[in-house]
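Structure record follows, encoded as structure tokens.
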Amino acid sequence: MTANNSQATRELSNGTAIPVFGLGVWQAADGPETEQSVEWALELGYRLIDTAQAYQNEASVGRAIRNSGVPREEIFLTTKFYPGNEDPRAEAEKSLERLGTDYLDLYLIHWPQSGPTWAWPGMEAAVEAGLTKGIGISNFSAAEIQELSKISQIQPAVNQIQFSPFEYRAGLVEACEAAGIVAQAYSPLGTGRHLDDPVVARIASATDHTPAQVLIRWAIQKGLSVIPKSVHRERIVENFAVFDFELDAEAVAALDALDTTNQTAEALANKWWS
Ligand SMILES: NC(=O)c1ccc[n+]([C@@H]2O[C@H](COP(=O)([O-])OP(=O)(O)OC[C@H]3O[C@@H](n4cnc5c(N)ncnc54)[C@H](OP(=O)(O)O)[C@@H]3O)[C@@H](O)[C@H]2O)c1
């Protein structure tokens, strides 16, 4: 599937639709920096905002949504359970208070700390309590998805994973698709590290686009939902302008060849939790 329209969505297993493009706000400072970037994004037509309890900027995201004038139901809002805490349902209630809204579109386990299954019943309880429409996972490997499927009543709708040409986790995306889970690409620019790569630069120049646009477009053409982060207005504009061109087979193959993961089904090379 290749998206050629900026409002394209993918259907999730819970029947809702997730935009294929959105704004991430990791490392956007709570206060004016986050508020301003979310407001710019919504004004420009972004309709997916990705935050997390661990980012400590949910209150700013909520203020920006209210200030934007965009109706809440037109926005797909994701936050993530911080797995250092114990009760996903109770933490969802606190997120809703900080965000100043009465439901989430998607609530993810941020990473499978202490194993992939213990938090899931609490995630399901958040759905049953009407706190969130959908639940999902992040940083789960193919093996962890399998383990989770043995105990889940509600299947995860999304797995949010580190994904770029340099971290081309094709095995993991395949496992997600086989389980009916939509894969979402985080750090599509390598948190900025992949923007200076000469292959990316060559394709950018050949397609008359920028390195960021090439990296984002590649992930969209792989069928993922993609959530680049920026706190600069001109970059928020630039990152969204990826629906007016297509990478051809030669460009896609050259980008695929940058993979350093051997198209793995693992979620990360180095975990930051135990
Ligand atoms: N689930 C997880 O564990 C997890 C982990 C990491 C990220 N995420 C999510 O994914 C989102 C995106 O990932 P990310 O924040 O790691 O990084 P990213 O989107 O790959 O890259 C963001 C970095 O690139 C810069 N940048 C953005 N657009 C640019 C452009 N057009 N030209 C030049 N530089 C540009 C940004 O700087 P400025 O902001 O200064 O413009 C920032 O330093 C996060 O914000 C978060 O929502 C989730």
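Taking other Cβ within 10 Å of each residue's Cβ, how do Thr78, Thr264 sort, fewest first? Walk me through the numbers on the way to the answer.
Details: Thr78 26, Thr264 18.
Ascending number of Cβ neighbours within 10 Å: Thr264, Thr78.
Return the sequence-ordered ³J(HN,Hα) values of the range 121-126 in whole Hz as given by the Karplus equation 6.51 cos²θ - 1.76 cosθ + 1.60 applied to θ = phi - 60°, using x for Gly and Pro.
So the Karplus estimates, Gly and Pro as x, are x, x, 5, 5, 5, 5 Hz.
Starting from the alpha-carbon convex hull of the chain, give the projected area averaged over all orientations, in nm². Walk me through the numbers on the way to the answer.
Working: hull surface 51.5 nm².
Value for the chain: 12.9 nm².
When the helix-only estimate is applied to the chain (DSSP H runs of n ≥ 4, each -39,500 (n - 2.57), divided by the residue count), what is the mean residue ellipticity at 222 nm, nearest 500 deg cm²/dmol?
Details: 10 runs with 99 residues, N = 274.
The helix contribution divided over the chain gives -10500 deg cm²/dmol.
Just to confirm a number: summing +1 for Lys and Arg and -1 for Asp and Glu over residues other than Asn159 whose beta-carbon lies under 15 angstrom from that of Asn159, what do you get?
Details: positive: Arg10, Lys80, Arg169, Lys222; negative: Asp50, Glu144, Glu147, Glu167, Glu174, Glu177, Glu266.
So the surrounding residues net to -3.
So if R0 is 25 Å, what FRET efficiency would Asn262 and Ala179 give, r being the distance between their Cβ atoms, rounded to the nearest 0.05?
0.75
Determine the sum of side-chain charges near Gly134: Lys and Arg each +1, Asp and Glu each -1, restricted to other residues whose C-beta is under 14 angstrom from that of Gly134.
Local net charge: -2.
Within 10 Å, count the other beta carbons around each residue, average over each peptide in 242-252, 181-191, 27-37, and list them highest first. Don't jump to the answer; show the numbers that get you there.
Values: 242-252: 15.4, 181-191: 22.8, 27-37: 17.7.
So the peptides 242-252, 181-191, 27-37, ranked by packing, come out 181-191, 27-37, 242-252.
Mind sorting Glu58, Glu144 by how few other Cβ atoms lie within 10 Å of their own Cβ, fewest first? It would help to have the intermediate numbers written out before the result.
Working: Glu58 24, Glu144 20.
Ascending Cβ contact count within 10 Å gives the list Glu144, Glu58.
How high is the relative contact order of the chain, in percent, counting Cα pairs under 8 Å that sit 6 or more residues apart? List each step's numbers first, then the result.
Values: 542 pairs, mean separation 58.0, N = 274.
Normalised by residue count, the contact order of the chain is 21 percent.
Tell me, what HN-Hα J-couplings in whole Hz come from the Karplus equation 6.51 cos²θ - 1.76 cosθ + 1.60 at θ = phi - 60° for each residue of the range 101-110, using x for Gly and Pro?
Those phi angles translate into 9, 9, 7, 9, 7, 8, 10, 10, 6, 5 Hz.
Going by average Cβ density within 10 Å per residue, which order do the peptides 15-25, 65-75 take, highest to lowest? Working shown, then result.
Values: 15-25: 21.5, 65-75: 14.0.
My ranking of the peptides, most packed first, is 15-25, 65-75.
Which of rounded, prolate or oblate describes the range 20-94 when judged by the alpha-carbon gyration tensor and an a/c cut-off of 1.5?
Prolate, since a/c reaches 1.5 and a/b exceeds b/c.
List the residues whose amide H sits under 5 Å from the amide H of Arg10, counting only those 5 or more places along or on another chain, with H placed 1.01 Å from N in the peptide plane.
Here Ile18, Val20 satisfy the definition.
What does the charge count around Leu268 come to, taking other residues whose C-beta lies under 13 Å from its C-beta (Lys +1, Arg +1, Asp -1, Glu -1)? Numbers along the way, then the final one.
Working: positive: Arg169, Lys271; negative: Glu144, Glu167, Glu266.
Neighbour charge sum, excluding Leu268 itself: -1.
Read the figures in this text as sums done on the coordinates, not as results from a lab. In this text, all values refer to a predicted model and were calculated from it rather than measured experimentally. Here Cβ is always computed from backbone atoms with ideal geometry, including for glycine, and neighbour counts include all displayed protein chains.
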